[in-house]
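*Asks:* First the structure, which I've put down as structure tokens, then a few questions once you've had a look.
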Amino acid sequence: MTKPEVTFKGFAAPGYCAARQMYYFGYKLTLLTTWNGIPIAYDLVPANTDERVAVESLFDSIRGCTIYGDKERLYRCRLAASTG
């Protein structure tokens, strides 16, 4: 077994990017930032994780913020535009 296989074994997964029509193996980074680009919350998930599920997990860690995102993502997450 090679080093990359050991590092990724058990957590990384195959994913598909419809926009590029490309398969890949690894992770997705879900990141919430301020308008200035300063990270405030992140999660590293397997590549086959639905982005909406990954984003929902981030909202549990922040409070008192207004969240901006594309209409589709916010609607599908069933989240209000601002957190508690």
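The values are calculated or read from the model by the stated rules, or taken from the named source; none is laboratory data. Quick caveat, the model's predicted, so the values are computed rather than measured. With ideal geometry, Cβ positions are generated from the backbone for all residues, glycine too; neighbour counts draw on all protein chains shown. SASA here: full protein model, heavy atoms, side chains in, ligands and nucleic acids out. Shrake-Rupley method; radii C 1.70, N 1.55, O 1.52, S 1.80 Å.
*Asks:* What about Tyr42, is it touching a Phe, Trp or Tyr at 6+ places or on another chain (Cβ under 6 Å), open to solvent by 80 Å² or more (accessible area, probe 1.4 Å) and at pLDDT 75 or above? Steps first, please.
*Replies:* Numbers: touching a Phe, Trp or Tyr at 6+ places or on another chain (Cβ under 6 Å): no; open to solvent by 80 Å² or more (accessible area, probe 1.4 Å): yes; at pLDDT 75 or above: yes.
Answer is no for this residue.
*Asks:* Touching a residue at least 12 places away in the same chain (Cβ under 8 Å), under 17 Å from Phe11 (Cα atoms) and among the acidic types (Asp, Glu): which single residue out of Asp50, Asp43 fits that description?
*Replies:* Asp43
*Asks:* May I ask you to say which residue of Gly64, Gly37, Gly26 is under 20 Å from Gly10 (Cα atoms) and among the small types (Gly, Ala, Ser)?
*Replies:* Working: Gly64 fails: under 20 Å from Gly10 (Cα atoms); Gly37 fails: under 20 Å from Gly10 (Cα atoms).
So the residue among Gly64, Gly37, Gly26 that is under 20 Å from Gly10 (Cα atoms) and among the small types (Gly, Ala, Ser) is Gly26.
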